[in-house]
1. State which residue is farthest from A:Ala63 (Cα to Cα) when the search covers only the range A:285-309 and only residues that are in contact with a helix residue (DSSP H, G or I) (Cβ under 9 Å, 6 or more places away or on another chain) and in a helix (DSSP H, G or I).
2. Which of (1) within 24 Å of A:Phe314 (Cβ to Cβ); (2) small (Gly, Ala, Ser); (3) assigned to a helix (DSSP H, G or I) does B:Gly121 not meet, given it meets every other one?
3. Quick one: in the range B:133-158, of everything that is modelled with pLDDT of 95 or more and touching a Leu at 6+ places or on another chain (Cβ under 9 Å), which residue is nearest to A:Gly316 (Cα to Cα)?
4. Going through the range A:149-189 one residue at a time, which ones are in a helix (DSSP H, G or I) and acidic (Asp, Glu)?
5. Just for the range A:18-50: of the residues that are facing another protein chain (nearest Cβ under 7 Å) and assigned to a loop (DSSP other than H, G, I, E, B), which one is nearest to B:Leu259 (Cα to Cα)?
6. Which numbered condition trips up A:Ala373, out of (1) in contact with a Lys or Arg (Cβ under 8 Å, 6 or more places away or on another chain); (2) loosely packed, with under 14 Cβ neighbours inside 10 Å; (3) not acidic (Asp, Glu)?
Amino acid sequence: KSHQTNQCVCKVLTVDTMNSCVKKVEYAVRGPIVLRAVQIEKELKEGVQKPFSEVIKANIGDAHAMGQQPITFFRQVLAMCSYPELLDDDRFPEDAKGRARRILQGCGGQSIGAYSASQGIECVRQDVARYVERRDGGVPSDPDNIYLTTGASDGIVTMLKLLVAGEGRSRTGVMISIPQYPLYSAALAELGAVQVNYFLNEERCWSLDVSELRRALADARRHCNPRALCIINPGNPTGQVQSRQCIEDVIRFAAKERLFLMADEVYQDNVYAEGCEFHSFKKVLFEMGPEFSSTVELASFHSTSKCYMGECGFRGGYMEVVNMDPEVKAQLTKLVSVRLCPPVPGQALMDLVVNPPQPGEPSYSTFIRERKATLSSLAERARLTEQILNTVPGIACNPVQGAMYSFPRVTLPARAIREAEERGQAPDMFYCMKLLEETGICLVPGSGFGQRDGTFHFRMTILPPTDKLKILLSKVKDFHQRFIQQYS
Amino acid sequence: MKNENNRRIKNKMSVLRAISPDLSRIRLVDQDCLSKRAAQIREALLQGLERPFKHLIDISLGDAHRGGLQPITFVRQVISACLYPSLLDSGRLPTDVKSRARNLLKQCEGESVGSYTATCGLPKIQHSLSEFISRRDRGVPSSPENIFITSGSQQLVLRLFVHGKGSLQTGIMTPVPSSPLFNMALSSLGGAVVPYHLCEEEGWTLRLDEMRRALATARRHCNPMGLYVINPGNPVGQVQSQKSIEDVIRFAAEEKLFLLADEVYQDSVHDPTAEFVSYKRVLHEMGPPYSNTVELASFNSASKGFMGECGLRGGYVEFVNLDSAVMGHIYTLFSTEACTAVMGQIALDIMANPPRSGDASYTAFFENRRNTLNNNAKRVQETLNSLDGMSCQPIRGGIYAFPQLHLPARAVAKAEEAGVAPDLLYCMLLLEEMGLCVGPGSEHLQRKDTHHLRYITHLPDEPIVQPRANSY
């Protein structure tokens, strides 16, 4: 039959016939350098000789991977939720059992194996609302405005889907900080939205200047329809913690320019620097009075992956929507139902995060001790990282005020830049690849996050345990000095 | 000041109102109003309100645990030990549970299930799945690199295809009746649903003439690129014969369609004369040119079958014959979602690699499994067929019964007056009067002027349900 000759040649799904937007998607955090790191790990296992004995993955914000211990209480409750026979085991404290029973009550058939409602288990959403109220000094939170999500990423992408519309000059533009966490650029690329970059100020500790927001917006309005402003606070990869004044300014700007605010607050407990404090966008919004609090549209995102929990593998998260048009909210509810529901263990974990042991409860003192130890250890490593990196000529590291990363600037010799360009590689990718091959340390080049033209950075997590971190930092220092010498 | 306020309100409406038309097109599932009402009634019963029934039975959703099915002990023991490794030192857990948990924890970074895994899943589990698939398919090779562990895999795969507007809009052929979620996902991405009717009179078979008709019609207004099949069927419960699968593969090859095979109910085959055969195995057995050219994505999950762990969201897709450049893009796309929840991955590992004969948990595991899959399908079908006004095709597989309702004209008219699908009205009345929650056929799409019900069949309290349905 003639069709036989045709079909041998042509596939249905090729790079030409596939969704072209998907081709534009990049995600540096798990991108080419990580693939190479995994390959090197395989080679090491196979006995290949290298100048190092292990690959250190300082590319991804995964605390447990670096040895951070989970919170005992959380794991106890989750174990009982998974295998309720453990509820009569004496090793578990009563408060943990109480939480487990309550969560199971909220599950279909009292099993975490049942689908939940798409918006999330009701009692968990109620607990989230109460947490938000407590955190924000009493600002009311309606459980109906809380959506449980599969990590914060799910909520962020869902909101972007909702926002992106229009064609040509009226195509939706979304403002995002440079540097940014590349989930945003990936989602915007896939949705075919216009990414509107606003630069954070490296000279001033990665602060956000409203004048820069104005510039970016004015530029963008010439070729698209900017409708949303995304802000990550505490920042990723930059680690800055925005001041309250800054948050007010951003809210005022969003109000004036009719922009939907997306506040990515997954690192809200990761605040280390003296004088810095986390201010939730919602709280500040409401404290600014009804002129703003009844009009500015906001979505805030949180997750179980960061802070002191570090439970990335659970894919737990939530978002809270504020002042959302009821018709749009109906669409949002419809949209989330298409993906069924977030993993139930993640929902259960989120319940515990927002409803941890209270003073007087049996698990309280252990919980507080564990949380404090984790957060202060992170603070110490943040300080150490900044300090050591700043002793390296050619590396300049802003204070790591919060989150889990350092994002130092590296000055690269012109010869290195040229060689990189000849290879068709971004210069900081070239630098990081060499670092990987020579030391086994996996970082993510700044080009994966965005940076001002002509500047180069890398993102390194502060997560390895202190001893290892010191070794890592000294290896980076040595490598950098060799690199500079080699390419002078 | 007032004008300012009015303008502000008007402006507020306009910021978000102009959302993508694709989203507006998603049809909300009727299930929601039934579920809400069922929840209300359940609450009322708890508070002691008088009703002609004591308990509400909800058999509408494909969610076995919600319906009362017990989880498999081994699965939950392993998961709890992974969550709280101190349990490994206790005498509480059988040895095979402990060794499985230890093994899994070793695979996790930092030996914690709280770490991210590789994008496509823990390599050991990808490997278990590839061996499971190969065993299932009588030795057809399966490569771990082609297996992506991901929940919501169908939507991810659709995102690869769907683009274009007008006559270039991507179309995917989908069966009628079908899973409403797939159609919703497709619509929300801006794709065109190209429906092809299954033949009810023949037991819900796939007919090539119907598929050709559907395709020819669709080509006038969109660009059909894919063919979605569900085997065993959801909700209709047909199990495709090998010949039927071959025909479909040949059709896909001739018409240059990418095959999307939803095989999540592969464990649930009730008819002893029927057998689940995977699309991949049939494709392989057909030999070249089909076996090395037809592009296929097969989907499976720990949500269905004997584990029923819907809430853990563990699933995977296996790709066959995909272009390698495309595979690179698939990987990048999947990587933006980090990884699948680790609990779900663990459930898949156990599904792929259950306890072996001689292991401490073997007997209990397979007894659990037998009880779960033990199905009342035949009895349900016979009972339904004995009722006036109902008829039901043989339920060969899957987890639902999908009987046809032959409603009196008056009932249909009444429903139309109320602006409600007739089978939905029937479901609502059944819920109010009998405390039995089943799903309407309308949300699956069905031939015009036919009406159906959908409910799950493999629950222990089936004997209670049937009399209620009968008397109604």
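1. Restricting to residues being in contact with a helix residue (DSSP H, G or I) (Cβ under 9 Å, 6 or more places away or on another chain) and in a helix (DSSP H, G or I), the top hit is A:Glu291.
2. (3)
3. B:Ile149
4. Selection gives A:Asp154 alone.
5. A:Met18
6. In the conditions (1) in contact with a Lys or Arg (Cβ under 8 Å, 6 or more places away or on another chain); (2) loosely packed, with under 14 Cβ neighbours inside 10 Å; (3) not acidic (Asp, Glu), A:Ala373 misses (1) alone.
Table: residues versus (1) within 14 Å of chain B (Cβ to nearest Cβ); (2) touching a Gly at 6+ places or on another chain (Cβ under 8 Å).
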position	(1), (2)
A:Gly317	yes, yes
A:Thr333	yes, no
A:Val336	yes, no
A:Leu340	yes, yes
A:Ser365	no, no
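The rows are residues; the columns are (1) modelled with pLDDT of 95 or more; (2) under 23 Å from B:Gly287 (Cα atoms).
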{"position": "B:Leu168", "(1), (2)": "no, no"}
{"position": "B:Leu198", "(1), (2)": "yes, no"}
{"position": "B:Gly203", "(1), (2)": "no, no"}
{"position": "B:Glu210", "(1), (2)": "yes, no"}
{"position": "B:Gln240", "(1), (2)": "yes, yes"}
{"position": "B:Leu259", "(1), (2)": "yes, yes"}
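The values are calculated or read from the model by the stated rules, or taken from the named source; none is laboratory data. Remember, it's a predicted structure, so these values are computed and weren't measured experimentally. Every residue, glycine as well, gets a Cβ built from its backbone with ideal geometry; the counts of neighbours run over all protein chains shown.
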